[in-house]
């Protein structure tokens, strides 16, 4: 079980329903370490739901889903599955950073405090260490001068960059991006994408649900087109975006490109 | 803060453009305000005349204002208010969290508690506590404590339990509303960072819920101060009881009730000011710039109307 042979994320026949709504209808895919993996598709196709299943914000109904070789939400012993306790679920999530469409920064904390919160509270880091690293991370996302600002005093693009820094503070091995630029004014999208490109070039494993086809083409290593809860087409972004094979992919791309 | 917004092709910058001529217009006349003021003045005059004709010994109010018995009653009222609120808030928070819990036993218990204590009048509850001695002769908490019921259940304890436990039911609902008001994305973000349920609640949810919880809690404190006058039902010596005693013994019955009202007004006014600053504290982060407090505004105005424009930005 070397990290080379273990995929970072592996999904086999993953199903998810909310009540009677069948959202994911058997998803199979693999994400390799250091890969930038883009998920595209029309809204309601299940791409965000799938992303949320990866860190167990949603519970899958059928199939197997594992991160770095460990099942999500369960432990397997003697051929049986045991549900994980909340504490164990929380422990697994430490290694998975998540960035939300609507930022979800903690509004009662400054940018710096937002970034320090998890390292201090979850990892038990000293405040001095956490503060120093939070400062570096803010610098990395280009917001060193905004350390003392509350989220409401930052623009959407700045908030999202703080949110990325907050996720990075836990030193995750996998980053999930749930439409990170969809809630931003067009002129602010570039700053956030630049930070993400910088992360990708650093070798971070990233799964990105996005509508930014330019980003997918430029930075992505693989791309999956989802529609109605299934993977319709996958491959290198250049191929899927340039020479789509399926009618559904073609019609979707003709609307967004 | 000056930005060059497309400079007009005009004389160089050192000659400022001529100030625009201010509008001269005849303002709207608010006749309604004058009429309303007149009506109020007339009604006030009638009221004053009525009381002037009555046999009111106004001098008795300042005379008894700091009477030792009255002050003792006032002190007891404040004590019972504060302690009942402490019980109410602590138990209320616990009940709200129990109610939200995924554990069906705790959430049902919390539901029944709120159902019972909100569904019965606090006056009835106070009487119940007071008269429990008719059915229990002893209190016997096996290894720890044993005593005659009447020695154990003093008027103070009756008042405290009656008011505190009742208040907890209301505080539970207020706290629950506050917890529900926090965006679900906050819980998700905290969980995604690997924070446990408890820590998420303590560090992320509760501080944000406070902004919703504090204003109605301030109202509850003010309400409690007044509701505490019901403890007369359990023979507790509060402000109202002391005012009535003094009135009965010394004669000025109505004057002493007015005196009690004055003390209640003073206390609630002080609490209102405290509430204002507490709300301000919990609003940080929610609005970009807090509006100045009345004191700050006053100071800004006193420091001269000349630089009035800068007063608004001072924080």
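Per-structure values
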{"item": "Residue B:99 being buried (at least 17 other Cβ atoms within 10 Å of the Cβ), within 14 Å of another protein chain (Cβ to nearest Cβ), closer than 30 Å to residue A:86 by Cα and at pLDDT below 95", "result": "no"}
{"item": "Test for residue B:133: is it away from chain A (no Cβ under 14 Å), at pLDDT 90 or above and part of a helix (DSSP H, G or I)", "result": "no"}
{"item": "Options A:69, A:73, A:79: the member that is loosely packed, with under 13 Cβ neighbours inside 10 Å and closer than 19 Å to residue A:97 by Cβ", "result": "A:69"}
{"item": "Check on residue A:179, in contact with a helix residue (DSSP H, G or I) (Cβ under 8 Å, 6 or more places away or on another chain) and either closer than 25 Å to residue A:8 by Cα or within 13 Å of chain B (Cβ to nearest Cβ) (or both)", "result": "yes"}
{"item": "Odd one out for residue A:108 among (1) within 14 Å of another protein chain (Cβ to nearest Cβ); (2) under 18 Å from residue A:51 (Cα atoms); (3) at pLDDT below 95", "result": "(2)"}
{"item": "Counted residues, segment A:33-78 - those being under 24 Å from residue A:201 (Cα atoms) and without any contact (Cβ under 8 Å) to a residue 40 or more places away in the chain", "result": "0"}
{"item": "Residue in segment B:291-302 that is exposed (fewer than 14 other Cβ atoms within 10 Å of the Cβ) and in contact with a helix residue (DSSP H, G or I) (Cβ under 8 Å, 6 or more places away or on another chain) present", "result": "yes"}
{"item": "Check on residue A:98, within 14 Å of another protein chain (Cβ to nearest Cβ) and out of contact with any strand residue (DSSP E or B) (no Cβ under 7 Å at 6 or more places or on another chain)", "result": "no"}
{"item": "Every residue from segment A:111-153 that is at the interface with chain B (Cβ under 8 Å from one of its Cβ atoms) and touching a residue at least 40 places away in the same chain (Cβ under 8 Å)", "result": "A:117, A:118, A:122, A:150, A:151, A:152"}
{"item": "Residue within segment A:44-58 that is surrounded by fewer than 18 Cβ atoms within 10 Å (Cβ to Cβ) and touching a strand residue (DSSP E or B) at 6+ places or on another chain (Cβ under 8 Å) present", "result": "no"}
{"item": "Number of the exception - residue A:92 against (1) within 14 Å of chain B (Cβ to nearest Cβ); (2) out of contact with any strand residue (DSSP E or B) (no Cβ under 6 Å at 6 or more places or on another chain); (3) in contact (Cβ under 8 Å) with a residue 40 or more places away in the chain; (4) closer than 23 Å to residue A:24 by Cβ", "result": "(3)"}
{"item": "Segments classed as helices (runs of 4 or more DSSP H), wholly inside segment B:150-252, with at least 3 members that are out of contact with any strand residue (DSSP E or B) (no Cβ under 6 Å at 6 or more places or on another chain), within 14 Å of chain A (Cβ to nearest Cβ) and buried (at least 19 other Cβ atoms within 10 Å of the Cβ)", "result": "B:184-192, B:206-227"}
{"item": "Scope segment A:189-220; condition part of a helix (DSSP H, G or I), surrounded by 18 or more Cβ atoms within 10 Å (Cβ to Cβ) and free of Cβ contacts under 8 Å to residues at least 60 places away in the same chain; matching residues", "result": "A:189, A:191, A:192, A:193, A:195, A:196, A:199"}
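The values are calculated or read from the model by the stated rules, or taken from the named source; none is laboratory data. Predicted model, so just to flag it, every value in this text is computed and none were measured. Backbone-built Cβ (ideal geometry, glycine too); neighbour counts: all protein chains shown.
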